[in-house]
């Protein structure tokens, strides 16, 4: 099993999907640190104290909320949400930081700037490759059952990447 060495900088939707599926431990086991920018935390807290993601944010000390930073013009030009923009700013500022974003526009922006990037599905695949989970299929199906959109074709294509 490989040791985690990354700082994961996580956007709203991956946090929500993982919390609702009871899989937040995948973040903790995959990184030396898990950071949530303040705009993401604010968005999550707006769901209320009984929301599983807001609850996790309040109770898991290993999830670090980071202050908002000024978003440079080159990221503003992409017209992303405040959360995606803040994730990308932190990923730019900290070598070893990996943006964890599912949103397509945010992913394209990260790719345009050459930033390390992962999505919710990528976290599962990394965990499988590192031996932290025995099989990806049950985890991906659990995410899908809890509300994450994942087509059968994408699920099958993804599982082939890890030999399932």
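Throughout, read-outs are computed from the coordinates displayed, never taken from laboratory work. Just so we're clear, the structure is a prediction, and the values are computed from it rather than from any experiment. Here the Cβ is made from the backbone with ideal geometry for all residues, glycine too, and neighbour counts use every protein chain on show.
Taking the residues in the range 98-111 that are within 9 Å of the chain's Cα centre (by Cα) and part of a loop (DSSP other than H, G, I, E, B) as candidates, determine which candidate is farthest from residue 83 (Cα to Cα).
102
Filter the range 112-153 for residues that are in a helix (DSSP H, G or I) and under 30 Å from residue 77 (Cα atoms); which is farthest from the chain's Cα centre (by Cα)?
By that ranking, first place goes to 112.
Regarding residue 37, is this residue under 15 Å from the mean Cα position of the chain (by Cα) and under 26 Å from residue 108 (Cβ atoms)?
Taking the combined requirement at face value, the residue satisfies it.
Need the failing condition index for residue 25 against (1) under 16 Å from the mean Cα position of the chain (by Cα); (2) over 25 Å from residue 133 (Cα atoms); (3) without any contact (Cβ under 8 Å) to a residue 24 or more places away in the chain, just the number.
Residue 25 satisfies every listed condition except (2).
Of all the residues that make up the range 73-97, how many are in contact with a strand residue (DSSP E or B) (Cβ under 8 Å, 6 or more places away or on another chain) and either closer than 16 Å to residue 14 by Cβ or assigned to a helix (DSSP H, G or I) (or both)?
Number of matching residues: 8.
Within the range 40-51, is there a residue that is part of a strand (DSSP E or B) and either crowded, with 21+ Cβ neighbours inside 10 Å or touching a helix residue (DSSP H, G or I) at 6+ places or on another chain (Cβ under 6 Å) (or both)?
no
Looking at 119, 147, which one is at negative phi, touching a helix residue (DSSP H, G or I) at 6+ places or on another chain (Cβ under 8 Å) and either buried (at least 16 other Cβ atoms within 10 Å of the Cβ) or in contact (Cβ under 8 Å) with a residue 60 or more places away in the chain (or both)?
When all the criteria are applied, what remains is 119.
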